[in-house]
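Every read-out reported here was derived from the displayed coordinates using simple, explicitly stated rules and does not represent laboratory data. Nothing here was measured: the structure is a model prediction, and the numbers come from that model. Cβ sites come from the backbone with ideal geometry, for glycine too, and all protein chains shown count toward neighbours.
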Amino acid sequence: MSSSGIRQIFLFILLVFLQVWLFNKIHLLRYATPMLYIYFIVKLPGDMNRNVVVILSALIGLCVDLFEYTLGLNMLACLVTGFMRHYYLRLFAPRDIFESFIPSFSSFGQALFLRYAIAMTFTFMVMLFTVESLSLFDPLTLTFRIAGSFILTLLLICAFESIQSGISKK
C-alpha cells in the first residue's frame with residue numbers, strides 16, 4: 001500500500017473520530033455545526049476512479065450515521081457530494097495538471113482550492129439540511145443552519161489545509 005493510501009486511511013479514521021466525538025457536540029447559536037468529515041472527500045486524489053470516490057464518500061457518511069443514529073442522512077449527502085466532485089474538479093482544477101494530484105493549496109493555488117472547497121461544502125450542506133428538515137416549512141431556520149454550518153466547516157477546512165500545507169513544506 002502506498003503512503004498516499006495510508007494517509008487517506010488515517011485521514012478517514014481521524015475525521016470520523018473528530019466528527020463523532022467532538023464536532024457533533026458543537027452547536028454555535030443552535031445553528032452552526034461543523035461537518036469536517038467532508039474534508040476527506042475534498043482531499044481524495046484527483047485521478048481516483050469516480051466509482052471508488054462515490055463508494056468512499058458513502059462509506060464515510062455511513063460511518064458517521066452509524067455512530068450518530070441518523071438513518072442515512074450523512075450517507076446521502078456524502079454520496080451526492082462525492083458524485084458531484086468529478087464535475088467540480090473539472091471546473092476548478094488547473095488544466096496543466098496531468099499527473100496524479102491531491103487537491104490542496106499547493107496543487108490548485110489558494111483561490112482555486114477555496115472555490116472548489118466552497119462548491120463541495122455548499123453542496124453537502126444543502127443536501128444534508130434539506131433532507132434532514134424534509135420540508136421547506138421554516139426556510140429561515142433552514143437557511144441559517146446551512147449558512148452557519150457552511151461557514152464554520154469552510155473555516156475548519158481552510159485551517160486543516162493550512163496546517164497540512166505547513167507540515168508538507170517542512
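What to note about this one:
- Net charge dipole, region 3-169: roughly 220 debye, given to the nearest 20, about the Cα centre with Cβ charges of +1 for Lys and Arg and -1 for Asp and Glu.
- Helical segments meeting 30 Å axial Cα length and Kyte-Doolittle 0.0 threshold in the chain (DSSP H): 110-133, 139-169
- Note: relative contact order over the chain, using C-alpha pairs below 8 Å and six or more positions apart, is 26 percent.
- Extension gain, Ser3 back to Arg95 (0.36 nm per residue minus Cα-Cα distance, nm): 30.6 nm
- Rounded to the nearest whole angstrom, the semi-axes of the ellipsoid equivalent to region 33-101, taken from the Cα gyration tensor as √(5λ), stand at 25, 11, 9, largest first.
- Gain in span if fully extended, Leu22 to Glu68, counting 0.36 nm per residue against the direct Cα distance: 15.4 nm
- Volume per residue for region 3-169 equals 114 cubic angstrom (convex hull of Cα atoms).
- Put the Cα centre of region 108-170 next to the Cα centre of region 4-35 and the gap is 13 Å.
- Approximate spin-label separation Asp138-Phe122, in nm, with each point projected 7 Å along Cα-to-Cβ: 2.5
- Neighbour cut-off at most 10 other Cβ (10 Å), DSSP loop, trypsin sites (Lys or Arg not before Pro), region 1-48: Arg30
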